[in-house]
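Colleague: What follows is a single structure, and I will ask about it in a moment.
The values are calculated or read from the model by the stated rules, or taken from the named source; none is laboratory data. Worth saying up front: this structure is predicted, and the values here are computed from it rather than measured. Cβ: placed from backbone, ideal geometry, glycine included. Neighbour counts: every protein chain shown. Accessible surface is based on the protein model in full, side chains and every heavy atom, while ligands, DNA and RNA are left aside. Shrake-Rupley method; radii C 1.70, N 1.55, O 1.52, S 1.80 Å.
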Amino acid sequence: MNIFVCIKQVPSTNKVQVDEKTGVLKRDGVSSKMNPYDLYALETALRLKKQHGGTVTVGTMGPPQAQAVVKEAYMMGADEGYVFSDRRLGGADVLATSYTLSQAIQSVGDFDLILCGRQTTDGDTAQVGPAIAEHLGIPHAAWVSRLEVEGDGVNAEQQLQDVIETVHMPFPCLVTVEQDSCVPRLPSLKTAREMGDKPVHMLGLDAFLDTDPNHYGLAGSPTQVERIFPPESDAGHEVWEGTDSAPKLYNLLKAWKFI
């Protein structure tokens, strides 16, 4: 079974500046890490590989420095890794991002299963995974907390709002993985030494099936951010001394209508 895992490099801090003209994050000079939700997707893929054989390929769309998260995936046990990097891909919204990844995945190979994290910590839309499946024309399931291979497909247990639903999907299909599905492993020093010289494959727009630049990046994004800004901090505090703090706290909470 051949599995593709979508991963992403995200800022490791919430103090990120925003380009006022484009509305996109300024990532230069900001420390980054692998999107935490993607770790669960990768761990799920590695466990399925151990049970059923096959390969685990990871891929991310981003600048060249995104190679760092691919190398981290190598240290966890991934077999191959790609960075889809091209200036023409920058500034993409959900539609353009999902279309880019659908074209990139097809350019890499044929996969039985595509796994994504539930969402990313820098976008929080939780829409890219299902949108990739729609572009590829394959079945998909979101918020999956348990996944097992059965016959020619997978059984996926979805955590919906009021019920738990189990669906069977034939290959190829796409699943977005919930964070309570498993405990991600730590990168292995032994694997890191073995994978130390393993190359990260770099692909640009010209390697995709559809090379029309109008379908990618800002040009292919029908939605634009009108304004984005960090929230203002108005946190304050009071220091009370003495033995009458309880009544004062009660009156304050009542004035704020908390009680």
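Colleague: For the structure I just gave you, tell me whether THR121 is among the hydroxyl-bearing types (Ser, Thr, Tyr) and modelled with pLDDT of 95 or more.
Modeller: No.
Colleague: At least 1 residues that are without any contact (Cβ under 8 Å) to a residue 60 or more places away in the chain in each: list the strands (runs of 3 or more DSSP E) lying fully within region 148-200 that qualify.
Modeller: 153-159, 164-170
Colleague: Could you count how many residues in region 83-119 are basic (Lys, Arg) and either buried (at least 24 other Cβ atoms within 10 Å of the Cβ) or closer than 21 Å to VAL177 by Cα (or both)?
Modeller: Looking only at that region, the number is 1.
Colleague: Looking at region 201-225, which of its residues are surrounded by 12 or more Cβ atoms within 10 Å (Cβ to Cβ) and either part of a helix (DSSP H, G or I) or at positive phi (or both)?
Modeller: Result: LEU205, ALA207, PRO213, HIS215, GLY217, LEU218, ALA219, GLY220.
Residue-wise test of (1) under 20 Å from MET34 (Cβ atoms); (2) out of contact with any Asp or Glu (no Cβ under 7 Å at 6 or more places or on another chain); (3) among the aromatic types (Phe, Trp, Tyr).
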residue: PRO184; (1), (2), (3): yes, no, no
residue: PRO187; (1), (2), (3): yes, no, no
residue: ALA192; (1), (2), (3): yes, yes, no
residue: GLY204; (1), (2), (3): no, no, no
residue: LEU218; (1), (2), (3): no, yes, no
residue: SER221; (1), (2), (3): no, no, no
residue: GLU232; (1), (2), (3): no, yes, no
residue: TRP240; (1), (2), (3): no, yes, yes
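Colleague: Using the structure shown, decide if GLU148 is modelled with pLDDT of 95 or more, open to solvent by 50 Å² or more (accessible area, probe 1.4 Å) and not hydrophobic (A, V, I, L, M, F, W, C). Write out each step before concluding.
Modeller: On the way: modelled with pLDDT of 95 or more: yes; open to solvent by 50 Å² or more (accessible area, probe 1.4 Å): yes; not hydrophobic (A, V, I, L, M, F, W, C): yes.
It is true that GLU148 is modelled with pLDDT of 95 or more, open to solvent by 50 Å² or more (accessible area, probe 1.4 Å) and not hydrophobic (A, V, I, L, M, F, W, C).
Colleague: Another question, then. Taking region 38-88 as the region of interest, how many residues are within 22 Å of TRP143 (Cα to Cα), touching a Lys or Arg at 6+ places or on another chain (Cβ under 7 Å) and of a type in the set (A, V, I, L, M)?
Modeller: 1
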